[in-house]
Amino acid sequence: MKKIISYLLVVILIIISSLKLRADEGMWLPILLETLKIKDMQAKGCKLSAEDIYSVNNASLKDAVVIFGGGCTGELVSEKGLLITNHHCGYGTIQKHSSVEKDYLTNGFWAMSQEEELSNPGLSVKFLVRMEEVTDAVLKDVSETMTEVMRHEKISANIDTLIKQATKGNQYLAVVESMFLGNNYYLFIYEEYKDVRLVGAPPSAIGKFGGDTDNWMWPRHTGDFSIFRVYADKDNKPAEYSADNVPYKPKKFFPISMKGVKEGDFTMVFGYPGSTTEYLTSYAVKMISENENPHQIKLREKRLEIMKADMDASDKVRIQYSSKYAGIANYWKKWIGENRGLKKLDAIEKKEALEEDFTKWANSSPELKAKYANILPEYKKLYSQLSPYNLALTYFFESALAIEIIQFSNKFNRLKTHNSETLKNNKESMLNTSKSFFKDYNMPTDKKVFISLLKMYKENVPTEFLPKIYKLIETKYNNDYQAYADFVYSKSVLSNEEKSNAFINNFTTKSIKKLENDPAYQLSNSFIEMYMEKVKPYFETINNQIDSLHRHYMKGLMEMQSDKIFYPDANFTMRVTYGKVDDYYPRDGVHYKFYTNLDGIMEKDNPEIYDYDVPDKLKELYINKDYGQYEVDGSVPVCFTASNHTTGGNSGSPVIDADGNLIGVNFDRNWEGTMSDIMYDPNQCRNITLDIRYLLFIVDKFAGASHLIDEMTIIK
Ligand code: ARG
Ligand code: GLU
């Protein structure tokens with residue numbers, strides 16, 4: 001008896017600890033909070049109702065959260081359309097307005113009046129009007145006996161119909177996204193505003209302080225924010241840029257709380273997480289961590305090394321390549337962290353244990369057996385088939401398409417048309433492409449990348465995936481990549497702006513031959529051909545089969561663990577994630593506090609190191625302790641960590657307190673927690689937030705843009 005009781009106790013303890021363990025995991029669809037999550041959120045301190053967060057009928061927090069550009073989140077903070085996002089989200093825009101003479105990247109930019117705000121063609125924000133489950137409509141006339149191809153076709157047709165209905169007679173955008181790996185579908189309706197102007201950005205030495213050295217790391221001191229303003233026409237409706245547009249008046253904007261955070265405080269992040277894959281099997285995790293990440297890391301390392309040397313040697317190249325470099329470095333480092341995290345967490349073993357349970361469960365009755373017993377063996381088979389194609393695909397994207405002249409050559413395909421009207425339009429768009437390409441192009445850098453990556457492709461990819469061009473490199477150039485590069489870059493018209501533009505301007509159907517004989521185009525074409533013939537079809541066929549398994553496996557998991565509340569993988573749709581302000585213990589003997597402050601910036605200060613060169617003005621404020629109302633315990637708070645489950649796309653997301661006030665801007669995760677896209681560990685996974693008080697301090701005391709603070713609603 002005693003034995004049984006102690007056994008039961010252990011079981012209960014395990015259950016409790018596992019419940020507690022996974023407490024902050026999850027990215028929830030806002031419309032499901034009411035039924036699934038609001039009670040738990042309130043038990044953890046949230047004072048809002050589900051209706052305060054997401055409502056179709058009344059203004060709610062969701063009306064203050066937008067998709068910013070192509071892959072970030074932003075939030076409205078004034079009734080005049082003022083918007084906050086990250087510095088790294090506005091980076092491309094800031095860079096486009098910058099030149100050696102007017103270097104906003106280095107010096108920052110502050111519009112002191114609305115007239116000075118800078119317009120940004122191509123940049124938009126999207127407000128979510130509403131979301132709705134449409135599973136039945138999407139799966140109408142879809143049967144389990146259909147082939148996957150037929151199923152896809154039927155589903156796309158149904159989605160088209162839904163989108164047409166949803167956008168009829170209005171100017172909204174509609175998207176249908178699958179949830180739970182094809183088991184459910186949701187419709188999202190957006191309103192897009194296309195006049196978004198740059199209002200302010202701190203110098204990179206603040207907005208990117210710590211640079212790639214500190215990226216993904218804690219303790220962190222980055223003032224990662226930039227400020228924009230959304231403009232609308234006189235009726236507050238979306239409009240293309242016009243001098244007559246007026247600041248947009250949002251349905252809702254965030255009040256800003258200066259009360260600060262304590263350990264354990266409830267926090268919520270509201271935004272657009274891009275992509276996670278939490279329900280993969282051990283086979284997939286193995287492929288990613290052993291056969292994909294290491295190659296991607298190696299290839300990017302090479303590219304970064306080459307770029308960095310050239311950027312260090314020239315200011316012009318530094319400005320041209322800073323945005324590209326940051327983009328490449330970001331996921332390079334993320335994959336390194338992800339692999340370490342997966343290993344430390346024993347992710348593969350954990351997946352295997354779950355799969356063992358699944359197998360037992362799936363074999364426990366004839367009905368289950370018929371539906372689910374085959375899934376895992378099938379997975380195993382398909383991933384081993386997929387692996388070589390996946391490797392070729394990885395190299396295609398991370399080496400061939402990483403060479404800038406190949407990317408550029410590729411764009412010329414749009415001129416291969418016999419329709420004169422199309423040709424005329426495409427010539428125009430090609431001239432624009434060429435202009436922005438060459439603005440940030442340094443041929444010698446690209447040439448070095450070219451030589452290294454073409455070699456690495458050859459050395460690492462099975463010969464069946466070698467494009468024909470390698471024959472030429474072998475026979476004509478004796479595998480001397482330098483000689484081949486000299487030939488391509490000197491003979492191609494696409495490596496030089498003037499020649500390129502002349503070629504585009506004079507392009508007629510007769511030029512198609514010339515294009516096809518251009519060495520850069522030939523190289524690019526050779527890779528594309530190989531990819532289209534030898535990789536894409538096989539990769540897609542296998543993946544279609546895997547998709548079907550995913551759908552059934554997900555369904556099975558949900559059936560097996562019927563008490564668990566599941567969340568769908570991130571897919572750049574609006575989500576709420578909640579947790580608490582929290583410190584962590586990254587490794588044995590080390591404890592990280594949950595916050596940093598200005599003193600830490602001065603500790604890192606080192607004019608010799610580019611990433612840690614603190615601006616004089618900030619030093620002056622520090623020396624004079626000129627902190628104004630932003631002072632806390634003799635310093636200014638800068639960043640804090642919390643246990644919200646976030647991912648790429650959550651950059652710029654509002655971090656919200658229990659009352660729905662803005663307390664910070666999400667901008668990163670800790671390196672030890674980057675495996676959360678595949679498996680979340682509550683002990684290690686932390687999101688990193690810019691404390692709103694540091695933002696206000698910089699805007700007010702550093703930039704002297706107090707008119708922006710006056711526009712906001714500040715709660716003290
Ligand atoms: N790691 C952050 C994110 O994933 C910030 C990236 C930008 N910063 C950088 N140093 N590259 O987007
Ligand atoms: N910096 C990321 C972004 O651009 C957010 C960090 C993450 O991946 O969690 O969205």
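Of these, N687, N683, which one is out of contact with any Pro (no Cβ under 6 Å at 6 or more places or on another chain) and within 16 Å of ligand 2 (Cβ to nearest atom)? So that I can check it myself, show each step before the final result.
Working: N683 fails: within 16 Å of ligand 2 (Cβ to nearest atom).
Unique residue meeting the criteria: N687.
Among (1) within 16 Å of ligand 1 (Cβ to nearest atom); (2) on the phi > 0 side of the Ramachandran plot, which single condition is T646 missing?
(2)
May I ask you to list the residues in the stretch 186-215 that are among the charged types (D, E, K, R), modelled with pLDDT of 95 or more and within 16 Å of ligand 2 (Cβ to nearest atom)? Outline the logic, then answer.
So in the stretch 186-215, the residues among the charged types (D, E, K, R) come out as 191-192, 194-195, 197, 208, 212, 214.
Pick out the ones that are also modelled with pLDDT of 95 or more and you get 191-192, 194-195, 197, 208, 214.
Scanning the stretch 186-215 gives K208, D214.
Which of the residues belonging to the stretch 306-352 are hydrophobic (A, V, I, L, M, F, W, C), away from ligand 2 (no atom under 16 Å from the Cβ) and in contact (Cβ under 8 Å) with a residue 40 or more places away in the chain?
Residues satisfying the conditions are I306, M307, V317, I319, L345, A347, I348.
Could you list, in sequence order, the residues of the stretch 322-347 that are surrounded by fewer than 19 Cβ atoms within 10 Å (Cβ to Cβ), part of a helix (DSSP H, G or I) and more than 16 Å from ligand 1 (Cβ to nearest atom)?
K343, K344, listed by residue number.
Give the stretch 200-233 a look and list any residue that's touching a strand residue (DSSP E or B) at 6+ places or on another chain (Cβ under 8 Å), of a type in the set (D, E, K, R) and in contact (Cβ under 8 Å) with a residue 40 or more places away in the chain, or say none.
R220, D224, R229
Looking at the stretch 341-395 only, could you name the residues that are of a type in the set (A, V, I, L, M, F, W, C) and touching a Leu at 6+ places or on another chain (Cβ under 6 Å)?
Correct list: A362, I375.
Looking for whichever is away from ligand 1 (no atom under 15 Å from the Cβ), part of a loop (DSSP other than H, G, I, E, B) and in contact with a helix residue (DSSP H, G or I) (Cβ under 7 Å, 6 or more places away or on another chain) here; the options are K102, K80. Which one fits? Walk me through it before giving the result.
On the way: K102 fails: in contact with a helix residue (DSSP H, G or I) (Cβ under 7 Å, 6 or more places away or on another chain).
Selected residue: K80, the only one of K102, K80 that is away from ligand 1 (no atom under 15 Å from the Cβ), part of a loop (DSSP other than H, G, I, E, B) and in contact with a helix residue (DSSP H, G or I) (Cβ under 7 Å, 6 or more places away or on another chain).
Quick test for you: out of V196, V176, pick the one residue that is among the aliphatic types (A, V, I, L, M) and within 20 Å of the chain's Cα centre (by Cα). It would help to see each step written out before you state the result.
Values: V196 fails: within 20 Å of the chain's Cα centre (by Cα).
Result of the check over V196, V176: V176.
I need the full set of residues from the stretch 360-403 which are farther than 30 Å from S524 by Cβ and among the polar types (S, T, N, Q), in order please. Step through it out loud before you land on a result.
From the stretch 360-403, those farther than 30 Å from S524 by Cβ are 360-384; that's our starting set.
Scanning the stretch 360-403 gives N363, S364, S365, N374, S384.
Give the stretch 671-716 a look and list any residue that's within 16 Å of ligand 1 (Cβ to nearest atom) and among the β-branched types (V, I, T), or say none.
T674, I678, I688, T689
Tally the residues that are surrounded by fewer than 24 Cβ atoms within 10 Å (Cβ to Cβ) and aliphatic (A, V, I, L, M), restricting the search to the stretch 630-661.
2
What is the number of the single condition among (1) within 19 Å of F253 (Cβ to Cβ); (2) within 16 Å of ligand 1 (Cβ to nearest atom) that V65 does not meet?
It is condition (2) that V65 fails.
Can you name every residue in the stretch 550-585 that is crowded, with 17+ Cβ neighbours inside 10 Å and over 26 Å from the mean Cα position of the chain (by Cα)?
Across the stretch 550-585, the qualifying residues are H552, Y553, K555, G556, L557, M560.
Give the residues of the stretch 419-456 that are more than 19 Å from Y489 (Cα to Cα) and surrounded by 20 or more Cβ atoms within 10 Å (Cβ to Cβ), sorted by residue number.
Selection gives N426, M430.
Taking the stretch 690-716 as the search range and keeping residues that are charged (D, E, K, R) and in contact (Cβ under 8 Å) with a residue 12 or more places away in the chain, which one is nearest to ligand 2 (Cβ to nearest atom)?
At the first step, the residues of the stretch 690-716 found to be charged (D, E, K, R) are 691, 693, 700-701, 710-711, 716.
From the residues that got through so far, the ones that are in contact (Cβ under 8 Å) with a residue 12 or more places away in the chain too are 691, 693, 700-701, 711, 716.
On the way: D691: 16, R693: 21, D700: 25, K701: 26, E711: 26, K716: 29 Å.
Here the residue is D691.
Considering only residues that are away from ligand 2 (no atom under 15 Å from the Cβ) and among the polar types (S, T, N, Q), look in the stretch 77-95 and name the one that is nearest to the chain's Cα centre (by Cα).
Looking at residues that are away from ligand 2 (no atom under 15 Å from the Cβ) and among the polar types (S, T, N, Q), I get Q95.
Among the candidates V632, V614, V638, which residue alone is within 16 Å of ligand 1 (Cβ to nearest atom) and modelled with pLDDT of 95 or more? Step through it out loud before you land on a result.
Numbers: V632 fails: within 16 Å of ligand 1 (Cβ to nearest atom); V614 fails: within 16 Å of ligand 1 (Cβ to nearest atom).
Every option except V638 fails the conditions.
Taking helices (runs of 4 or more DSSP H) that fall entirely within the stretch 401-515, which contain at least 1 residues that are touching a residue at least 60 places away in the same chain (Cβ under 8 Å)?
Details: elements: 404-411, 420-439, 443-460, 469-475, 481-491, 497-505.
The helices (runs of 4 or more DSSP H) meeting that bar are 404-411, 420-439, 443-460, 481-491, 497-505.
When you go through F228, F188, F209 one by one, which is the residue that is surrounded by 17 or more Cβ atoms within 10 Å (Cβ to Cβ), among the aromatic types (F, W, Y) and closer than 30 Å to K555 by Cα?
F188
Could you check, for the stretch 47-68, whether at least one of its residues is over 28 Å from the mean Cα position of the chain (by Cα), at pLDDT 95 or above and small (G, A, S)?
Yes, some residue in the stretch 47-68 is over 28 Å from the mean Cα position of the chain (by Cα), at pLDDT 95 or above and small (G, A, S).
The values are calculated or read from the model by the stated rules, or taken from the named source; none is laboratory data. These numbers were taken from a predicted model, which means no experiment stands behind them. Heads up, the Cβs are rebuilt from the backbone with ideal geometry, glycines too, and the neighbour counts pull from every protein chain shown.
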